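The values are calculated or read from the model by the stated rules, or taken from the named source; none is laboratory data. These numbers were taken from a predicted model, which means no experiment stands behind them. Because the Cβ atoms are built from the backbone with ideal geometry, glycine has one as well, and the counts that use them run over all protein chains shown. Please note that ligands, DNA and RNA were not included when accessible areas were found on the heavy atoms of the full protein model with its side chains. Shrake-Rupley method; radii C 1.70, N 1.55, O 1.52, S 1.80 Å.
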Amino acid sequence: MNLVLENRITEAQKEKISHIKTSHKLVSREFKSENTQVKINQVVIGSDRIVLIAGPCAVESHDQAMTIAKEVKKYGAVLFRGGAYKPRSSPYSFQGLEEEGLKILANIREKTGLGVVTEITSVSQADLMMKYVDAVQIGARNMQNFELLKCVGRMGMPVVLKRGLASTIQEWLMSAEYIMAEGNSHIILCERGIRTFEPYTRNTLDLSAIPVLRQLTHLPIMIDPSHATGIREKVSPMARAAVAAGADALMIEVHNDPDKALSDGAQSLYPDQFGQLARDIYVIAPVVGKQLDFDYLKKIEMINNLDAKESKTAAFIGEYGSYSHKASIGYFGDEIKPVSMKTFRDIFNAVRHGSCQYGVVPLENSLSGSIHENYDLLQEYNLKIIGEITIRVKHALITHENVLKSDIKRILGPPPALSQCRNYLDQYPDIEIVPVTSTSSAVRQIKDSGDRQSAAIGSAMAAGIFGMNILEESIEDNPRNYTRFAIIAKEKTDYKKVTKTSIIFSTGNKPGALFEVMKVFSEYEINLVKLESRPMLGKPWEYMFYADLEADIGHPDFEPVMDRLKEKSENLRVLGRY
Ligand code: PEP
Ligand code: MN
């Protein structure tokens, strides 16, 4: 076996852990304060992007696995799971296809681009695992198989470590410690239900493990509601709850014909149920500051296809820690480096000149409306919208460590944030309100000055970046505070199908002109999700219309629609397809 022996615990680490009081050390928050991100075949677990891992309990045949893989990929899964070595309660039950199953998994990765995850049940399978799959799973029954833990520690590849059937969180963390002590920190903790006295579900899903683990460890957290509940219709409600509770990833069993499944059919979702769940997660994730990215794999491909000469950067407005910075990371992850800019025009110029590959610009806020400057810049510059992301604007009150609310004499924030927290601030009439240029600069100013009598309004991300304390979370008056950002880039001809198009057009100054354009959308049953008018640059009292459509009308297939639109409007331009 090709072991990664040189990574074993170093002298520096030994020195650091000698001061840690808990029995779990390397995996503890005390050892490493920032969250660990684990990469499985380019998919990052532990970032703002929720990761869906789906597939059957067991790989039963090539056709079965491939059919399910294509379905779950279509619905938003970015990794595929399937057991080849099954730890079954009965020796007479299906035990898995073994190496044949691993070969099928490798083939699925090759054909679909989905990274593959499977369970390792014995040290003797290590070489095969390294040859065929992207991550191994330690099953609940093997959580305390210490030789196996040491083995996957030495293998160095990502490990999904399930919680044992009747293990405490402390025991679970000690098992992770075994893996990390061998030099492998690519560990994802997976809660899959524990055994209790309750017989209505197969196990009891311990969702409280999520906030408990968040405090104790830097490792990412996955939830498996399939084995936790054991019953199909109980899976989606618990999956939704897991995301709301802060899970980084979900592992879901899906089968195209669960009645005939060789294992765990009763808890397997039908593919379309998985699709429905993914749509729900898409809606829930932003509430807790995360995203479900249906274009995750497409983006990886796009980034990989960038020319070596092209800059792998995205321009955003404001300082590091701003909501625009968060939007950039939420959309691209770490593959594209965010670059801070002073003005929106600087962003457009940087993208036009190629010093930045992409730009991230806010278009509208759910409470305060459109950011018109960016609509005007879209009109002026010949750049395209290639994607969008919606971020929840959740303000925190940020101070130095151990500052009490009663110590605070001043609160710093930019005017929009101050007005969004008006009711909260009104409770403290004696505190001085100090307007500054942005949330991130408010946090930075307090950090730099060491001022313990001031607090800043900003994002939790800004608090993390500047190493500051969150005294109070979610202080905005209205929790439905979302900002939608457009990702802009220079045009590339690419006719892959997309789902949304943004256009601008003007109409002649005659009765019913706009109605004529709307009629075209109606005739072709194209849903209009946004329509907004803006004065035309340099032409007083003449207007352009911006429209977002739920159709790919820039695609050659929609040529007849475009022809009709051109007939009925003037200056029609496609701003982007995404
Ligand atoms: C599985 O993932 O199919 C499995 C057997 O899981 P667990 O170890 O959680 O029972
Ligand atoms: Mn299973």
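Which value results when the Cα radius of gyration for segment 29-112 is divided by 2.2 N^0.38 Å? Output field value: 1.31.
For segment 236-248, 3J(HN,Hα) computed residue by residue from phi via the Karplus equation (6.51, -1.76, 1.60; θ = phi - 60°) reads 5, x, 6, 5, 5, 5, 4, 5, 4, 7, x, 4, 8 Hz, glycine and proline entered as x.
Here's how it looks for Arg452: its modeled amide H is under 5 Å from none belonging to a residue 5 or more places away or on a different chain.
Here the Karplus curve 6.51 cos²θ - 1.76 cosθ + 1.60, taken at θ = phi - 60°, turns the phi angles of segment 359-373 into couplings of x, 10, 10, x, 10, 7, 10, 5, 9, 9, x, 6, 9, 4, 4 Hz, with x standing for Gly and Pro. The HN-Hα couplings worked out from phi for segment 11-21 by the Karplus form 6.51 cos²θ - 1.76 cosθ + 1.60 (θ = phi - 60°) are 4, 4, 5, 4, 4, 5, 6, 5, 8, 7, 7 Hz, whole numbers, x standing for Gly and Pro.
What is the extension gain from Asp346 to Tyr200, computed as 0.36 nm multiplied by their sequence separation minus the C-alpha to C-alpha distance, in nm to one decimal? Could the numbers behind the result be given before it?
Working: separation 146, 0.36 × 146 = 52.56 nm, distance 5.93 nm.
Computed gain between Asp346 and Tyr200 is 46.6 nm.
Put Phe558, Phe348, Phe31, Phe294 in order of accessible area, highest first, and with a 1.4 Å probe you get Phe294, Phe558, Phe31, Phe348.
I need the fraction of alpha carbon pairs in segment 288-429 separated by more than 27 Å, rounded to a whole percent. Write down the numbers at each step before the final one.
Working: 3167 of 10011 pairs.
That fraction is 32 percent.
As a length-normalised measure over Cα pairs under 8 Å and 6 or more apart, the relative contact order of segment 79-133 settles at 42 percent. Were the residues from Gln144 through Leu367 laid out at 0.36 nm apart, the gain over their Cα-Cα distance would be 75.2 nm. Whole-percent P(r), the chain, all Cα pairs, 10 Å bins from 0: 3, 16, 23, 24, 19, 10, 3, 1, 0. Cα centroids of segment 412-468 and segment 229-260: 40 Å apart.
As a fraction of the 1.4 Å probe accessible area of the chain, surface on carbon and sulfur atoms comes out at 51 percent.
Note on segment 300-378 and segment 100-159: Cα centroid distance 38 Å, given to the nearest whole angstrom. Projecting the Cα atoms of Asn374, Cys190, Ala278 onto the charge dipole of the chain (Cβ charges, centred on the Cα centre) puts Cys190 farthest toward the positive pole. The helix-only estimate of mean residue ellipticity at 222 nm for the chain, built from DSSP H runs of length n ≥ 4 each weighted as -39500 (n - 2.57), is -9500 deg cm²/dmol after division by the residue total.
Computed from label points 7 Å out along Cα-Cβ, the spacing between Arg573 and Asp295 is 2.0 nm.
Per 0.36 nm of contour for each residue apart, how much would the distance between Ser61 and Tyr543 grow if the chain were fully extended, relative to their Cα-Cα spacing? Each step should come with its number before you reach the end.
Values: separation 482, 0.36 × 482 = 173.52 nm, distance 6.00 nm.
That pair, Ser61 and Tyr543, stretches by 167.5 nm at full extension.
The spacing between segment 192-214 and segment 28-45, judged by their C-alpha centroids, is 23 Å.
Database remark: amide H of Lys86 closer than 5 angstrom to the amide H of Gly96 (H placed geometrically; neighbours at sequence offset of 5 or more, or on other chains; Pro and chain starts carry no H). Taking segment 212-226 and a reference point 7 angstrom along Cα→Cβ of Glu473, the backbone N atoms nearer than 19 Å belong to 212-223.
Kindly provide the GluC sites (Glu not before Pro) of segment 75-119 that DSSP labels as loop, not H, G, I, E or B, and whose Cβ sees at most 16 other Cβ atoms within 10 Å. Intermediate results must be reported in sequence, preceding the final value.
On the way: sites: Glu98, Glu99, Glu100, Glu110, Glu119; in loops: Glu98.
Answer in residue order: Glu98.
Put simply, the amide H of Gly115, placed in the peptide plane, has neighbours under 5 Å in Phe80, leaving out anything fewer than 5 places away on its chain. What segment 119-222 shows is 36 Å² of accessible area per residue, with the surface traced by a 1.4 Å probe over protein heavy atoms. Approximating the spin labels as points 7 Å out from Cα along Cα→Cβ, the Gln215-to-Gln427 distance works out to 2.2 nm. Taking only the Cα atoms of segment 396-472, the radius of gyration and Dmax are 10.9, 30 Å. Relative contact order of segment 496-578: 49 percent, from C-alpha pairs under 8 Å at least 6 residues apart in sequence.
Using Cα-Cα distances under 8 Å and only pairs 6 or more residues apart, what relative contact order does the chain have, in percent?
On the way: 1230 pairs, mean separation 62.7, N = 578.
RCO, the chain: 11 percent.
Under conditions of 10 °C and 1.306 mPa s, segment 475-578 yields 105 µm² s⁻¹ as its translational diffusion coefficient, taking Rh as the Kirkwood radius over Cα pairs in the Stokes-Einstein equation. Candidates Phe316, Pro556, Thr399 compared by Cα position along the dipole of the chain: farthest toward the positive end lies Thr399, with charges placed on Cβ.
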